Amino acid sequence: MASQFPISGLRSVELIVPDIAAAVAFYTRSWGLHAVEVGAGVAYLRASGTDPYVVKLSGGPSAGIVSVTFRAAEDADLHQLRERMTKAGGSPIGEIEAIADHGGGTGFSVRDAAGRCYRVVQGDMPSEPVDAEGDRPDRLAHVNINTTDLERDIRFFEDGLGFKLTDRSKMMGFVRTNSDHHAIVLAIAPVDTLNHIAFNHDDWESVMKAAGRMCDGGFPIGWGPGRHGPGDNVFTYFVDPFGIVIEHTAEVLVVDDDYRVGGPEDWVWPPGRTDQWGIAPPKTEECKKAQLAIPFL
Ligand SMILES: [Fe+2]
């Protein structure tokens, strides 16, 4: 029998930025999202798919990430999930309650051992998909999280949220909660910060067009284009105006329970390569630095 996941997928990220108006302008004009609700001190941005929003922006002195939100499967018991995450080392924040964010729903928040906030929502209001115009993201693809304890954090996703390990490279663990190869990547680092947020596209053509729109806007590619090893997805990385690393990606590998979990020995690049095609130039220093710098608040 195929795996049943209590979490059906990654839904949104909640970010802090020092200038909400500038962030809305950037994320709608250059990155390809749409503003669905802009209020005093808060903005909700959607992609072209069915999620009510994929990025919530609030104001603060400097950039940070507040939380990563997952959607619980329709038949998942939120009480059980919350208990499971707590048993796995998380600390609940508040109770299970109605969510006041755009799209609503019911949910809860848990802080993991490193203090990162993960939210689980169920019954949020789906949006009518909008015309993607071939160059806009349709949803989040994955969030890559730096970790000072990879084994601990893989275990938290497995035991707490019911994820499965799909691949393990020397520096990273890739975990899934549906047929996408990964929804979360955990990357060994000296800090427990955000590495980057990836936005999903229909195909690589859309990723290239979106990268072109960024270049037109004066935002150079930080890494890529290329095709990753684990997950097989096409990528271009950028640093947003506030120092947050964001990725346009497409064509992530679809897997099932028959997928053989790879180990570090399976994911070794030939000298000089960092992607399957061998075309990605070295990552910029700015991008490398930014991939460590954004704290969970
Ligand atoms: Fe990524």
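Taking region 227-239 as the range and being open to solvent by less than 40 Å² (accessible area, probe 1.4 Å) and more than 11 Å from the ligand (Cβ to nearest atom) as the test, the residues that pass are Arg227, Gly229, Phe238, Val239.
Taking region 244-268 as the range and being surrounded by fewer than 12 Cβ atoms within 10 Å (Cβ to Cβ) and part of a loop (DSSP other than H, G, I, E, B) as the test, the residues that pass are Asp256, Asp257, Asp258, Arg260, Gly263, Val268. Is one or more of the residues making up region 144-162 assigned by TED's automatic domain parsing to the domain that holds Asn195 and among the aromatic types (Phe, Trp, Tyr)? There is at least one residue in region 144-162 that is assigned by TED's automatic domain parsing to the domain that holds Asn195 and among the aromatic types (Phe, Trp, Tyr).
Residue-level analysis places Arg176 among those that are within 16 Å of the chain's Cα centre (by Cα) and either farther than 24 Å from Arg71 by Cβ or of a type in the set (D, E, K, R) (or both).
With respect to the conditions (1) within 24 Å of Val54 (Cα to Cα); (2) open to solvent by less than 10 Å² (accessible area, probe 1.4 Å); (3) touching a Pro at 6+ places or on another chain (Cβ under 9 Å), Asp275 lacks only one, and its number is (1).
Looking at the structure I just gave you, is Ser169 over 29 Å from Pro241 (Cβ atoms), at pLDDT 95 or above, hydroxyl-bearing (Ser, Thr, Tyr) and assigned by TED's automatic domain parsing to the domain that holds Ser48? Against the criterion (over 29 Å from Pro241 (Cβ atoms), at pLDDT 95 or above, hydroxyl-bearing (Ser, Thr, Tyr) and assigned by TED's automatic domain parsing to the domain that holds Ser48), Ser169 does not qualify. Looking at region 90-145, the strands (runs of 3 or more DSSP E) lying wholly inside it that each contain 3 or more residues that are open to solvent by less than 30 Å² (accessible area, probe 1.4 Å) sit at 106-111, 117-122.
No other residue among Ala76, Ala88, Ala98 is of a type in the set (A, V, I, L, M), more than 21 Å from the chain's Cα centre (by Cα) and under 30 Å from Glu251 (Cα atoms) apart from Ala76.
The values are calculated or read from the model by the stated rules, or taken from the named source; none is laboratory data. This one's a predicted model, so the numbers in the text were calculated from it and none came from an experiment. Methodologically, a virtual Cβ is constructed for each residue, glycine included, from the backbone with ideal geometry; neighbour enumeration extends over all protein chains shown. To get the accessible areas, we keep the full protein, side chains included, count just its heavy atoms, and leave off ligands, DNA and RNA. Shrake-Rupley method; radii C 1.70, N 1.55, O 1.52, S 1.80 Å.
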